[in-house]
Amino acid sequence: MSLTEGSVDVYECETCGNVGLGDGGVACCDGPMATVVVDPAVEAPTLEELLRTVFDISDAELDICLCVMAGGAQTVRELADRTDYDRSVAARHLNHLVELGVLDKQRRLLEQGGHVYVYSPKPVETVRRSFKRQFLVWLGAATGRLEELRREKVEGIVEGDGRETNWQLYHEG
């Protein structure tokens, strides 16, 4: 099922139905798990969709991120001038990118007194590893939410008061 280089495959145990991710040799119930075939109805997300959904990166934030990665270390003022974003907007997005581990933020003392923060890109491989780790944490939480949904639906059907139909099956003709 690997769609791109560096991606992992999805596996399912034919004995117990357990599902897992891996890059080969995944086992369960004392045997190898079968690779899940890609369902053509499920489209792989674009990088932009993934960044928006998992990491809450907006178009403006992506612009700012790419500007810092291409232009190197910059202050909020420098970045705002280059991108035409308001300084407060640029600062907010830069700080979010620092939280995500994409950029470094360092305080620089000024000769005339005071200080500014300088934002610089982290190495691409560091960003890639950080995003992969954070995505897998998000995926684990998302999987838990799906289990919660299934459990809540079943409990709602079972615990119904009997006066109302909680669900209905529709059949053709």
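Here are some notes:
- Rounded to whole Hz, the Karplus (6.51, -1.76, 1.60) HN-Hα couplings of segment 113-121, x for glycine and proline: x, x, 7, 9, 9, 10, 10, 9, x
- Amide H partners (placed H, <5 Å) of Thr75, local residues excluded: Tyr119
- Annotation: amide H of Val26 within the under-5 Å range of Met33, sequence separation 5 or more or interchain, hydrogens built in the peptide plane.
- Relative contact order for segment 47-124, counting Cα pairs under 8 Å that sit 6 or more residues apart, in percent: 30 percent
- The local environment of Val118, defined by Cβ-Cβ distances under 13 Å, has a net charge of +2 under the rule Lys, Arg +1 and Asp, Glu -1.
- Karplus-derived 3J(HN,Hα) values for segment 80-92, using 6.51 cos²θ - 1.76 cosθ + 1.60 with θ = phi - 60°, are 4, 5, 6, 9, 6, 8, 4, 4, 5, 5, 4, 4, 4 Hz; glycine and proline are entered as x.
- J(HN,Hα) series, segment 72-79, from Karplus relation 6.51 cos²θ - 1.76 cosθ + 1.60, nearest Hz, glycine and proline x: x, 4, 8, 8, 4, 4, 4, 5
Read-outs: derived from the displayed coordinates by stated rules, not from any lab. The model shown is predicted, which means the values in this text are computed figures rather than measured ones. Please note: Cβ atoms are built from the backbone with ideal geometry, for glycine as well, and neighbour counts cover all protein chains shown.
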